[in-house]
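Peer 1: Quick one: the structure is below, questions incoming.
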Amino acid sequence: MAKTQVRNILKSNDSNKEKAAYIWEYYKWHLIAVLMTLLFIIYFVMQLFNQPQVDYHIGVLGPQATTEQSETLANDLKTLLYPEDREGKMLVTITQEGQGAERFFAQLAAAEYDLVLVDEVAFENFADSETMEVLQVDGMESKDLFAAPEENKIIGIESNAIPYFEKHEPTTNLIALVPKNSTKKAETEKFFEEQGMILQFQKSE
C-alpha cells in the first residue's frame, strides 16, 4: 500500500516541491528514525576510534577531586609502573559519589578499570567474589584486608596501607579492589610489588 502511494505521488503532475512535501508528510517519522539511527552509528564509531588507548586505569569512587589531583595521581602512577619512560598512558578517574556513581559502575561493567577504590558503604553494597578477584597478599597486616560481605574471601585492601594511595588525599580511607574483568592483572601485580607487597589472585574453584 505504501509503495503504491509513493508511486502515485511520483507519477502525478504535481511539482517536485509538492511531491517532496507529500512524501515528507507520509514518511517523516520513518525518515527521522533512520536519520537518528545513522547519527547514533556515526557518533558511536567516532567515540570508538577517538577513545584513548590506556595502559592502566584506576577508577576511584569517592569525594570530589580536582583535575590537577587526578593528573598528579596519573603521573605518579606512570613513574611507578614505567620508570624507564616507556610510552604508556596511565589514567586515574575520580568519580564523585552520588549521581556520578552510575557512570562509575557503567565503566566498571565495561571492563575499563584495572583497579578500583571505593568507600566502606559502597564496598558492603556491591563488592563480592563473583565480580572482584579473591586476593592473597603477603607483606600486609590482616587488619588492612577486607573480606567480601558474608564471605570468608579477601577481596579488598585498605588504601592507607598502600604508599601510593596513602600519599594522595583523594585516595585515602578507601578500599582497593581488583575487578575480575580487568585484562591487566600483570600490571596490577607489578603495582603492588612496587609497594613492597606480593599480590596473587586466587584461582576460581
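Peer 1: Once Lys and Arg get +1 and Asp and Glu get -1 on their Cβ, which of Tyr82, Val134, Ala148 lies farthest toward the positive end of the dipole of region 81-176?
Peer 2: Checked the options; the winner is Tyr82.
Peer 1: Under a 1.4 Å probe, what is the accessible area of region 134-196 per residue, stated in Å²?
Peer 2: Normalised by residue count, the accessible surface of region 134-196 is 49 Å².
Peer 1: Additional query: Quick one: pull the percent of accessible area on region 86-205 belonging to carbon and sulfur, 1.4 Å probe, ligands and nucleic acids left out.
Peer 2: 43 percent
Peer 1: Please compute the net charge surrounding Glu150, taking Lys and Arg as +1 and Asp and Glu as -1 over other residues with Cβ under 11 Å from its Cβ.
Peer 2: -2
Peer 1: So what's the projected area for region 110-205, the Cα convex hull averaged over all directions, in nm²?
Peer 2: With the hull built on Cα positions only, its mean projection is 6.1 nm².
Peer 1: Going by Cα centres, region 140-180 and region 93-109 are how many Å apart?
Peer 2: 18 Å
Peer 1: Mind listing which trypsin sites (Lys or Arg not before Pro) in region 126-205 are in a DSSP loop and have 16 or fewer other Cβ atoms within 10 Å?
Peer 2: Passing sites in region 126-205 are Lys153, Lys167, Lys180, Lys203.
Peer 1: While we're looking at this one, here's another question. If the limit is 27 Å between Cα atoms, which of Lys143/Lys167; Lys89/Lys203; Lys89/Lys190 go over it?
Peer 2: Lys89/Lys203
The values are calculated or read from the model by the stated rules, or taken from the named source; none is laboratory data. For clarity, every value in this text was computed on a predicted model and none was experimentally measured. Every residue, glycine among them, receives a Cβ derived from its backbone with ideal geometry; neighbour counts consider all protein chains shown. In case anyone asks, the SASA skips ligands and DNA or RNA and just uses the protein heavy atoms, side chains included. Shrake-Rupley method; radii C 1.70, N 1.55, O 1.52, S 1.80 Å.
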